[in-house]
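S.K.: Let me begin by handing over the structure; questions about it come next.
Computed from the coordinates by the stated procedures, all read-outs in this text should not be read as laboratory data. Predicted model, so just to flag it, every value in this text is computed and none were measured. Positions of Cβ are backbone-derived with ideal geometry, glycine not excepted, and every protein chain shown enters the neighbour counts.
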């Protein structure tokens, strides 16, 4: 099937109701949560909520159409702040107490929502090239997490850094930006792969800031890389989707599926399995609740996908 090339046009970003504003806020909330929970992809939620193309357009054109784009992005930004704060203060604590339960619950939500992403290639012709793109997409997040599993916990530090380290943080910020707009990529998994997830999370404490104020330079470098990366990648991906949407979605669907798989063998959850084997924790409760929440999350998100499809 020959792909249609969409005409480049100005996308409508105006909110027509409070419900649409709330939907954007919900998207931002899940994007904020995605920074904390390995495997969660905010871009996948954007597809589910039918905001993906608008999100890419608004970010990619924020400099040229600042007022229009910032009005659209504001509810998302507020949702991100709420989601990240809740994730950091609550979900991160639950991950320490019942890690498998929390992970399984979010994995259920992601697997139930997968048809929203997979639907983009439904009924499309599976050529050898497209199958290869799907396979590459699936392998990519898996490879990233496998890499993170070989990194020794605590070998990375945010102290006594060199100029090269700061440049590296700018690049890491850009990579994290990419995870926010490509469905299936996880910011947490990427930070784990670089060995900086735990150091960065554990640095967000007043006591740490007092003893190591240079960490704010790290935050600034990550922020610069993130801002530049998300604008550049959004423009590029928008153009790619406009020219070859269906083919582009083959690796994206692969990454979405691969990311769900990685939720159960990233370095943090592997540590949980090891603690169970050593007799620590509460494996019976964690496993039982995890299975229940996985099933509930899958059913609820799938029903939501069907509801959104019927609503049209």
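S.K.: May I ask you to compute the full-extension gain from residue 139 to residue 165, defined as 0.36 nm times their residue separation minus their alpha-carbon distance, rounded to one decimal in nm? Please list the in-between numbers first.
M.R.: Values: separation 26, 0.36 × 26 = 9.36 nm, distance 2.81 nm.
Extra length from residue 139 to residue 165 when fully extended: 6.6 nm.
S.K.: State the volume of the convex hull built on the alpha-carbon positions of the chain, expressed per residue in Å³ and rounded to an integer.
M.R.: On the way: hull volume 46.5 nm³, N = 312.
Cα convex hull per residue, to the nearest whole number: 149 Å³.
S.K.: Work out how much length residue 15 to residue 97 would gain on full extension: take 0.36 nm times their residue separation and subtract the Cα-Cα distance, in nm to one decimal.
M.R.: Working: separation 82, 0.36 × 82 = 29.52 nm, distance 4.01 nm.
Gain in length upon complete extension: 25.5 nm.
S.K.: For the chain, what is the calculated [θ] at 222 nm in deg cm²/dmol (nearest 500), taking -39500 (n - 2.57) for each run of four or more DSSP H residues and dividing by its residue count? Write out the running numbers ahead of the final one.
M.R.: Numbers: 14 runs with 230 residues, N = 312.
Taking each H run of at least 4 residues, the total per residue is -24500 deg cm²/dmol.
S.K.: Please give, to one decimal in nm, the separation of the simple spin-label points placed at residue 277 and residue 243, each 7 Å out from Cα toward the Cβ.
M.R.: My value for the distance between the label points is 4.8 nm.
S.K.: Sort 14, 96 so that the residue with the fewest other Cβ atoms within 10 Å of its own Cβ comes first and the one with the most comes last. Don't skip to the answer; put the middle values down first.
M.R.: Details: 14 8, 96 11.
In increasing order of surrounding Cβ atoms, one gets 14, 96.
S.K.: Obtain the nm distance between the two label points defined at residue 147 and residue 270 by a simple spin-label model: each point lies 7 Å from its Cα along the Cα-to-C-beta direction.
M.R.: 1.4 nm
S.K.: Also: Among 275, 234, what is the fewest-to-most ranking by other Cβ atoms within 10 Å?
M.R.: Working: 275 15, 234 22.
Listed from fewest to most nearby Cβ atoms, that is 275, 234.
S.K.: Pick from 58, 298, 22 the residue whose mean-square fluctuation is largest in a GNM of the chain, springs joining Cα atoms under 10 Å.
M.R.: 22
S.K.: Once the Cβ-Cβ distance between residue 198 and residue 310 is put in as r, and R0 is 35 Å, what FRET efficiency do you end up with, to the nearest 0.05? Don't skip to the end; give the middle numbers.
M.R.: On the way: r = 43 Å, r/R0 = 1.22.
Calculated value: 0.25.
S.K.: Which FRET efficiency, nearest 0.05, do residue 129 and residue 88 yield, Cβ-Cβ r, R0 25 Å? Let's see the in-between values first.
M.R.: Working: r = 42 Å, r/R0 = 1.67.
Here the calculated transfer efficiency is 0.05.
S.K.: Taking only Cα atoms and a 10 Å spring cutoff, compute GNM fluctuations for the chain and point out the largest among 50, 246, 67.
M.R.: 67
S.K.: Using only the Cα atoms of segment 170-225, build the gyration tensor, take square roots of its eigenvalues as a ≥ b ≥ c, and label the shape rounded, prolate or oblate: rounded if a/c is under 1.5, else prolate if a/b is larger than b/c, else oblate.
M.R.: Numbers: a/c = 2.89, a/b = 1.84, b/c = 1.57.
Prolate, because a/c is 1.5 or more and a/b exceeds b/c.
S.K.: Which residue, 251, 206, 115, tops the fluctuation ranking in a GNM of the chain built on C-alpha contacts under 10 Å?
M.R.: 206
S.K.: Between residue 292 and residue 220, 0.36 nm times their residue separation minus their Cα-Cα distance comes to what? Walk me through the numbers on the way to the answer.
M.R.: Values: separation 72, 0.36 × 72 = 25.92 nm, distance 4.08 nm.
Value of the extension gain: 21.8 nm.
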